[in-house]
Amino acid sequence: MTLQGQSKLDTLVPVRGFCISAPGPADVKDFLSFIKKELIPRKVNVLVLRVEYRYEYESHPELRSENPLTKEDVKKIVKVCKEGNIRIVPQVNLLGHQSWAGTIGNLLKVYPQFDENPEVAMPADYKWPNDDGLYCKSYCPLHPEVHGVVFDIMDEIVEVFEADAFHAGMDEVFYIGNDKCPRCGGRDKAELFAGEVTKIRNHLALKNRELWIWGDRLIDGKTTGMGMWEASLNNTHRAIDMIPKDVVINDWHYVKAGPSAAYFAMKGFKVVSCPWRYGNVAKAQLQYNLLYRENSNPEVGGKFEGMMQTIWTDARTFMDQYYGKISSANERGRDQVECFKELFDEIVKIK
């Protein structure tokens, strides 16, 4: 049964999302065209843009990446999305993902004192696995100055995108509660993770804004067999019972469509299922969402918010692969394009 004024699609799949890196300034025009020609006709209504430090921040210009988006660029994206009834949720990775491969991200490059594991040097030739267990650096959630910086960034990017929600990332946090950290050493990793989620959520709530995060750190990787990537093996999973229930969980699983969305919903969270490369997995996740909604009590059924296609190349590469302008020999690129098409072909069938 649909609510008055809502279509069946809006009722059954309220979130129809697309997550991608924000385009560079030179690609904004093509990205606007992609939104108009591809996202809007496919009924996409949420655009998660991974902006990070690729914006001309005024609050902390020292953190800007090279060739950042301007305010004018952002307003063009905002305008097109408003016209297409697309809600923008900007993302800046908080806590984890403060480095990638052998490169330190802007936050720790400018403020090295925020590093949770400063004793781990960035390698000249990054390989995984490694003796340091280094995947990505994290900032120290208990450093007394870190939130003064990241909250400025968070507030500014939400304001410029005229958004009512912010995505903090917070996935794949392997460095947390370092025993050598003078603040975090010996503390419960679940409490540290929950404390950081809660602190970010509470800051956003001051202006009635919503927090979105990836859900992997809230799943027990051992009990579920999901392991250290799609779930947690460093005891952060107990944080699920310590964080506010209005945090929106983005539940990413790329190879199998398991029942984790139901787990989050049963815990009281709104949950969005997130595929990447395989169309059959994406369609199975969609069917699970519809099945759970139909067969659950309203208190739980209403927590299944829908779907979000994730894209893990830059916007330029994705658009070129999508339109066949470059080779799709890269298996990841080809799969994510086809997955997007297959998922939204199924979604638009819901009338």
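The values are calculated or read from the model by the stated rules, or taken from the named source; none is laboratory data. Remember, it's a predicted structure, so these values are computed and weren't measured experimentally. Here the Cβ positions follow ideal geometry from the backbone for every residue, glycine too, while neighbour counts run over all protein chains shown.
In segment 128-142, is there at least one residue being touching a Phe, Trp or Tyr at 6+ places or on another chain (Cβ under 9 Å) and under 30 Å from Asp30 (Cβ atoms)? Looking for residues that are touching a Phe, Trp or Tyr at 6+ places or on another chain (Cβ under 9 Å) and under 30 Å from Asp30 (Cβ atoms), one finds at least one in segment 128-142, hence yes.
Scan Glu172, Glu162 and give me the residue that is over 27 Å from Ser59 (Cα atoms) and touching a helix residue (DSSP H, G or I) at 6+ places or on another chain (Cβ under 7 Å). After ruling out the rest, the residue left standing is Glu172. Which one is nearest to the chain's Cα centre (by Cα), of the residues in segment 225-248 that are surrounded by fewer than 22 Cβ atoms within 10 Å (Cβ to Cβ) and farther than 16 Å from Val197 by Cα? My answer is Trp229. Taken over segment 91-117, the residue count meeting the criterion of being assigned to a strand (DSSP E or B) and either acidic (Asp, Glu) or in contact with a His (Cβ under 7 Å, 6 or more places away or on another chain) (or both) is 2. Only one entry in Glu58, Glu52, Glu38 is surrounded by 16 or more Cβ atoms within 10 Å (Cβ to Cβ), assigned to a loop (DSSP other than H, G, I, E, B) and in contact (Cβ under 8 Å) with a residue 24 or more places away in the chain, namely Glu52. Select from segment 77-90 the residues that are part of a strand (DSSP E or B) and among the hydrophobic types (A, V, I, L, M, F, W, C) and write down the one among them that is farthest from the chain's Cα centre (by Cα). Among them, the one singled out is Ile88. Whenever a residue of segment 329-351 is acidic (Asp, Glu), its partners that are modelled with pLDDT of 95 or more and surrounded by 21 or more Cβ atoms within 10 Å (Cβ to Cβ), lying with C-beta atoms within less than 9 angstrom and at least six residues away or across chains, give the pairs Glu342/Ala282; Glu346/Ala282; Glu346/Leu286. Checked against the criterion of being surrounded by 14 or more Cβ atoms within 10 Å (Cβ to Cβ), in a loop (DSSP other than H, G, I, E, B), of a type in the set (Val, Ile, Thr) and touching a residue at least 40 places away in the same chain (Cβ under 8 Å), the candidates Val44, Val28, Val74 yield just one match: Val44. If you go through segment 158-189 and keep only what is in a helix (DSSP H, G or I) and closer than 30 Å to Val46 by Cα, you end up with Val158, Glu159, Val160. Please work out which residue is nearest to Val80 (Cα to Cα), limiting yourself to segment 173-197 and to residues that are touching a Gly at 6+ places or on another chain (Cβ under 6 Å) and in contact (Cβ under 8 Å) with a residue 60 or more places away in the chain. So, considering only residues that are touching a Gly at 6+ places or on another chain (Cβ under 6 Å) and in contact (Cβ under 8 Å) with a residue 60 or more places away in the chain, the one nearest to Val80 (Cα to Cα) is Val173.
Within segment 243-250, identify whether any single residue is assigned to a helix (DSSP H, G or I), farther than 16 Å from Gly169 by Cα, at pLDDT 95 or above and out of contact with any strand residue (DSSP E or B) (no Cβ under 8 Å at 6 or more places or on another chain), and answer yes or no. Within segment 243-250 (the criterion being assigned to a helix (DSSP H, G or I), farther than 16 Å from Gly169 by Cα, at pLDDT 95 or above and out of contact with any strand residue (DSSP E or B) (no Cβ under 8 Å at 6 or more places or on another chain)), the answer is no, since none of the residues qualifies. Candidates are the residues of segment 191-208 that are among the basic types (Lys, Arg) and over 16 Å from the mean Cα position of the chain (by Cα); the one that is surrounded by the most Cβ atoms within 10 Å (Cβ to Cβ) is Lys199. For segment 284-304, the condition holds for at least one residue, the condition being that it is β-branched (Val, Ile, Thr), assigned to a helix (DSSP H, G or I) and farther than 22 Å from Glu38 by Cβ.
I'd like the full set of residues that are within 17 Å of the chain's Cα centre (by Cα) and surrounded by fewer than 22 Cβ atoms within 10 Å (Cβ to Cβ), limited to segment 156-175. Matches in segment 156-175: Val158, Ala163, Asp164, Ala165, Gly169, Asp171, Glu172, Phe174.
Checked against (1) under 22 Å from Gly186 (Cβ atoms); (2) of a type in the set (D, E, K, R); (3) surrounded by 15 or more Cβ atoms within 10 Å (Cβ to Cβ), Glu119 passes all but a single condition, namely (3).
Assessment of segment 136-144 against the conditions (hydroxyl-bearing (Ser, Thr, Tyr), buried (at least 18 other Cβ atoms within 10 Å of the Cβ), in contact with a Gly (Cβ under 8 Å, 6 or more places away or on another chain) and under 23 Å from Ser21 (Cβ atoms)) yields at least one matching residue. If only residues of segment 249-291 that are among the hydroxyl-bearing types (Ser, Thr, Tyr) and within 13 Å of Leu218 (Cα to Cα) are counted, the one that is surrounded by the fewest Cβ atoms within 10 Å (Cβ to Cβ) is Tyr263.
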